[in-house]
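The values are calculated or read from the model by the stated rules, or taken from the named source; none is laboratory data. Owing to the predicted nature of the structure, the values given are computational and were not obtained by experimental measurement. No Cβ is skipped: glycine too gets one built from the backbone with ideal geometry, and neighbour counts run over all protein chains shown. In case anyone asks, the SASA skips ligands and DNA or RNA and just uses the protein heavy atoms, side chains included. Shrake-Rupley method; radii C 1.70, N 1.55, O 1.52, S 1.80 Å.
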Amino acid sequence: MVVKYKLMKGYKVDFKPGWDCHGLPTELAVLKKTKKRLTQPELREACHTLANGFVETQMQTFKTLGVFADWDNRYQTNQKKIVYILKNFKNCK
């Protein structure tokens, strides 16, 4: 609501929505849904698909509610460029 208020007041606002798409809850949901043992690449792909589905659903809901954001430049922690940044971040001293 703050972003929308400031934008309507004439301020330049840059709001990029983002989603954390990793974690045990996603993995558990996939394993519960598939009910079979998956290889690591299969699990990653299934988690990616599940997370992207939830992101799309939530994004459409936010748009319907009138949330102002830079939807074309959103970020998700499962995007390759973000994964690269996160992997290299731990090497910073």
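Numerical summary
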{"item": "Distant-in-sequence amide H partners of residue 75 (H built 1.01 Å from N, under 5 Å)", "result": "18, 19"}
{"item": "Greater than 26 Å apart at Cα, pairs in 36/90; 32/81; 6/63; 9/81; 16/87", "result": "36/90; 32/81; 9/81"}
{"item": "Reciprocal of mean inverse Cα separation for the chain (Kirkwood radius, Å)", "result": "15.5"}
{"item": "Residue 7 - accessible surface, heavy atoms, 1.4 Å probe, Å² rounded to 10", "result": "70"}
{"item": "44, 74, 37, ranked by accessible area, largest first (probe 1.4 Å)", "result": "37, 44, 74"}
{"item": "Total formal charge among the other residues, if their Cβ is under 10 angstrom from that of residue 70, Lys/Arg +1 and Asp/Glu -1", "result": "0"}
{"item": "Rounded to whole Hz, the Karplus (6.51, -1.76, 1.60) HN-Hα couplings of the stretch 4-17, x for glycine and proline", "result": "4, 4, 5, 4, 6, 7, x, 6, 7, 10, 10, 10, 9, x"}
{"item": "Selection from 86, 3, 64, by position along the positive dipole direction of the chain (Cβ)", "result": "86"}
{"item": "Inter-site label distance for residue 89 and residue 1 at 7 Å from Cα along Cβ, in nm", "result": "2.9"}
{"item": "Ranked order, 26, 39 - accessible area, probe 1.4 Å, largest first", "result": "39, 26"}
{"item": "Summed side-chain charge close to residue 14 - residues other than residue 14 whose Cβ falls under 13 Å, Lys, Arg +1, Asp, Glu -1", "result": "+2"}
